[in-house]
Every structure is written in structure tokens, then in C-alpha cells.
Amino acid sequence: MSRFAARGAWLLAGLLSTLLGGPAARAHEGRPAYLEITETAPGRYDVLWRTPILAGMRLPVVLTIPDDVRDVKEPAVQDLGDSRVERRWIDAGPNGLAGKRIEFTGLQTTITDVLVRVETLDRRSWTAIARPSQPWVELAAPQTWTDVAGTYIMQGVRHILFGADHMLFVLGLLLIVRDRWMLLKTVTAFTVAHSLTLAIATLGYASAPVLPLNVAIAVSILFLGPEIVRSWRGETSLTIRKPWIVAFLFGLLHGFGFASALTSAGLPASDLPLALLSFNVGVEIGQVSFILLVVLLERSFRQLEIRWPRWAEALPGYAVGSLGAFWTIQRTAILFGLVR
């Protein structure tokens with residue numbers, strides 16, 4: 001069995017208890033909501049409010065604007081396949097929205113974020129993220145490109161670290177890899193693959209339907225379960241001999257999953273290059289941080305010569321496979337409308 005598996009079983013057990021016991025059990029359903037405010041005349045704004053539909057249900061978050069802001073005309077609402085889009089036309093008075101707070105009622109009860117983009121009359125822009133821990137934004141002066149890049153980098157870090165299925169797939173690969181050189185090849189292959197499809201999807205050259213994609217990502221995790229067990233038993237397979245091939249092929253799928261955080265927001269074309277680059281940097285920071293954590297913990301326990309019982313050594317493969325099977329069944333049922 002891989003030395004990562006033997007001494008990393010407790011880490012997986014802790015991760016699984018978090019996944020099964022908390023909101024992260026919803027796995028890759030952390031697509032952000034998106035608010036775009038465009039100033040069209042002094043004090044007047046076009047508002048686009050997009051909330052994702054997760055597992056057939058709309059995100060329970062309500063956009064709350066300041067009391068002294070009035071609607072110029074009736075809002076328009078449109079239901080799409082993966083989101084609900086609300087358009088509003090508002091008048092904030094002669095002083096505009098600068099310094100005013102916009103709240104997202106109900107965000108604190110979710111595990112998702114809201115990406116906020118504001119464009120002023122002189123075409124300067126401002127970007128921020130509202131999170132469950134702070135479900136509001138206060139509109140400020142336009143930002144520099146480095147401020148915007150920092151926002152998207154943090155979004156990328158949060159997306160992968162709170163994307164339970166992505167993290168479980170990476171952990172599954174670590175439980176198979178046998179040496180440092182193979183670890184480097186495997187991580188590189190996964191990175192190249194998901195960066196490729198992330199770019200293709202974000203720039204609009206290709207797309208993948210969300211529900212079938214979620215099923216495919218769950219299948220990729222299910223696939224690794226038996227491979228981990230084979231590795232533990234001393235058996236071999238293409239995945240065990242060349243895990244970088246599997247990492248690359250399934251990485252293409254996961255890249256489309258990463259892209260959903262940007263494509264579902266409906267960002268303007270002018271923002272896409274910086275958003276794509278910064279978001280991908282954030283994803284890599286989160287991924288590398290997770291891998292380093294696992295490797296360092298493995299080294300620590302090896303130095304301490306901690307020995308695990310046989311059942312603990314067998315836990316990782318069965319746990320990865322079981323969660324992969326659960327998500328595959330759950331997401332297939334959602335795909336065919338059997339579960340709402």
C-alpha cells in the first residue's frame with residue numbers, strides 16, 4: 001500500500017466526517033451568485049442579479065438594496081437552466097451608490113459566495129466578494145487591477161478548498177502515488193488538464209452541462225476507490241503504474257467544474273482574461289497547499305513511527321469509493337429528475 005495511505009488514513013477519516021456532517025456534503029455545489037451594477041447616468045444604474053440553481057433549488061439569497069434607492073421600473077425575472085436572472089433599473093439619487101451598503105439576506109445560511117462587480121459612468125470598475133461570514137458589501141472607489149486580481153485569487157482558493165469532490169479526488173491520487181517523482185508527474189498532469197478546460201470553458205470555446213458534469217466528477221472519485229484498494233493489496237493496474245494518465249483524463253472533467261464558478265456568473269468579456277488567470281492561480285494555491293499539508297503530515301507520522309491498525313489502513317480506499325458511489329447515485333437521480 002502507498003505510504004501516503006497507511007499514515008494518512010486518519011486525515012481522510014477527519015475529512016470525511018466533515019463532509020458527511022456539515023454543509024460540504026453537498027460537494028461541488030458552491031457556485032457563486034453574481035451581482036453586476038452598471039452606472040448608466042448620474043445616480044442611475046442597471047442591476048443584474050444572478051443566483052445559481054443548485055440541485056434543482058434556487059439559492060435562498062435575497063438582494064437587499066438601501067431604503068433610499070428606488071426602482072425606475074418593474075424588475076424583470078428570467079429562469080434559466082442553471083440560474084435565475086433578475087434585472088432591475090434603479091435610481092440612487094444625486095450622490096449615487098458610493099459608500100452605501102448592499103446586503104444579501106440569507107447568504108449567511110449557505111456555503112456559497114456572491115461576486116460583486118460595479119462599473120461607474122467613467123468605465124472604472126470595482127470588484128468584491130460577499131461571503132456567509134459577511135453577507136454584505138459597501139460600495140467604494142474603483143480598484144486597481146491588482147485589487148481585482150486578488151479578489152479572484154481568493155475566490156479560486158476558496159472554490160477548490162470548499163469543493164469537497166475536487167479535494168477528495170486529489171486525496172485519492174495521493175493515496176495511490178508511490179514516490180515523489182510520480183507525485184510531481186501526477187500533480188502536474190492534473191494541473192495542466194484542468195487549466196486547459198478551465199480556460200476553454202471560461203473563454204466560451206466549449207461547455208459542459210452542469211448536471212451530467214457533476215455525475216462524471218463523482219464517477220472519477222468512485223473510480224479511484226477500487227484502485228486504492230488494489231494498491232493496498234500489492235496488486236497493479238494502469239492507474240497504479242501511471243497515475244498521471246488518470247489524473248490528466250479526469251482533470252479535464254474537473255476543469256469544467258472549476259469553470260462553473262466563473263461561467264455561471266456571466267462576467268463581461270473585458271473581465272475574463274484577468275479573472276481566468278487570477279482564479280486559476282488561486283485554484284493552484286489551494287491545491288498545492290492541500291498536497292503539502294498531506295505530505296508534511298505523512299512525514300511527521302513517519303518520523304514518529306506511528307503504526308496504524310489494519311482496518312485504518314483499509315479505510316481510505318473504501319471511504320473514497322463509498323463517497324464516490326454515494327455522489328454518483330445522488331447526482332444521477334438529480335440528473336433524471338428523481339430527486340429535487
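A few notes on this one:
- Residue in the range 206-215 that is open to solvent by 10 Å² or more (accessible area, probe 1.4 Å), over 17 Å from the mean Cα position of the chain (by Cα) and modelled with pLDDT under 95 present: yes
- Residues that are over 17 Å from Phe279 (Cα atoms), in contact with a Pro (Cβ under 8 Å, 6 or more places away or on another chain) and of a type outside the set (Lys, Arg) within the range 120-144 comprise Thr120, Leu121, Ser125, listed in sequence order.
- Among the residues listed as Leu304, Leu277, the single one being open to solvent by 60 Å² or more (accessible area, probe 1.4 Å) and at pLDDT 90 or above: Leu277
- Taking residues in the range 129-147 that are part of a loop (DSSP other than H, G, I, E, B), and partners anywhere that are open to solvent by 70 Å² or more (accessible area, probe 1.4 Å) and at pLDDT below 85, the pairs with Cβ atoms closer than 8 Å and at least 6 places apart or on different chains are Pro142/Arg124.
- Here the condition is being more than 18 Å from the chain's Cα centre (by Cα), under 24 Å from Val288 (Cβ atoms) and assigned to a helix (DSSP H, G or I); of Leu168, Leu175, Leu196, it holds for Leu175 alone.
Here's the yes/no breakdown for (1) of a type outside the set (A, V, I, L, M, F, W, C); (2) within 20 Å of the chain's Cα centre (by Cα); (3) over 30 Å from Leu35 (Cβ atoms); (4) in a helix (DSSP H, G or I):
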{"position": "Ala261", "(1), (2), (3), (4)": "no, yes, no, yes"}
{"position": "Leu274", "(1), (2), (3), (4)": "no, yes, no, yes"}
{"position": "Glu284", "(1), (2), (3), (4)": "yes, yes, no, yes"}
{"position": "Arg307", "(1), (2), (3), (4)": "yes, no, yes, no"}
{"position": "Trp311", "(1), (2), (3), (4)": "no, no, yes, yes"}
{"position": "Gly317", "(1), (2), (3), (4)": "yes, no, yes, yes"}
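The values are calculated or read from the model by the stated rules, or taken from the named source; none is laboratory data. Just so we're clear, the structure is a prediction, and the values are computed from it rather than from any experiment. With ideal geometry, Cβ positions are generated from the backbone for all residues, glycine too; neighbour counts draw on all protein chains shown. Heavy atoms of the whole protein, side chains included, go into the accessibility calculation; ligands, DNA and RNA do not. Shrake-Rupley method; radii C 1.70, N 1.55, O 1.52, S 1.80 Å.
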